[in-house]
Amino acid sequence: LQLRNAGPRDTVFIEEEGNRIGRRTLPVSMYHAMVEHLPTLILDTPIEERVRTCVQDYVTDLFPLFESAYKENAHEIFRKRHLDGIDRIKKRLGGKRHGLIHHQVSAALDLFESSGDTSGFYEPTETVLREYYDPMYDYQSNKQRKGPVLFQGDAESLIDWAEKNAGKFLH
């Protein structure tokens, strides 16, 4: 929606996450433009930071919303949502790896429910990022991206590059 407010000379940055973002789907024309024509900037974020962000987003920040919506059933529904998510990627993880991650997430949920401690989520989150999400993302990006990669680097370098170069790519 913020794109509607951008002027014709504004540079707009869009995160490339495939055509699906959760349960939402990008308009076909927007997704096609992203992968077929638009240049790409690649943000390299250390795995530790990515894990912390995932735990913050999907546990620390999300659970209060479950408490508000589901009251005394919050932990039960939160558990089901997380374990169902692991089950949805079982085929890609393989049975043995899925079993290990499922067990780790279940133990993390037990610890979280009993004490509020989120530390149990770090190891399975890192495993899912490294062994499921990253390979899938790399495969999809390399297969679909046709526009040039203009920059790749850490957040600070990317922001610096964008501030210096944003207006240079307008047609």
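In straight-distance terms, cross-link reach from K143 covers every one of the aspartates and glutamates whose alpha-carbon lies under 18 Å from its own, apart from those fewer than eight places away in the same chain; here that gives E15, E16, E17, E36, D134.
The structure shown yields semi-axes √(5λ) of the Cα gyration tensor in Å, and of the options [x] 35, 19, 16; [y] 23, 20, 16; [z] 28, 17, 14 that calculated value carries the label [x]. Counting only protein heavy atoms and a probe of 1.4 Å, the accessible surface of the range 40-171 is 52% carbon and sulfur. The residue among I101, Y122, N142 whose Cα reaches farthest toward the positive pole of the charge dipole of the chain, with charges on the beta-carbon of Lys, Arg, Asp and Glu, is N142.
In plain terms, the chain from L83 to E156 could stretch by 22.8 nm, reckoned as 0.36 nm per residue minus the Cα-Cα distance. Mind running the shape call on the range 47-108? Use the C-alpha gyration tensor, a ≥ b ≥ c as the square roots of the eigenvalues: rounded below 1.5 for a/c, prolate if a/b tops b/c, oblate otherwise. The shape class here is oblate. Annotation: lysines with alpha-carbon distance below 23 angstrom to K168 (same-chain offsets under eight excluded): K146.
Note on exposure: S157, S29 ranked by accessible area (1.4 Å probe, complete protein assembly) read S29, S157, with the most exposed listed first.
The values are calculated or read from the model by the stated rules, or taken from the named source; none is laboratory data. Keep in mind that this is a model prediction, so the values were computed, not measured. Using ideal geometry, Cβ is built from the backbone for each residue, glycine included, and neighbour counts are taken over all protein chains shown. For accessibility, only protein heavy atoms count, side chains too; no ligands or nucleic acids. Shrake-Rupley method; radii C 1.70, N 1.55, O 1.52, S 1.80 Å.
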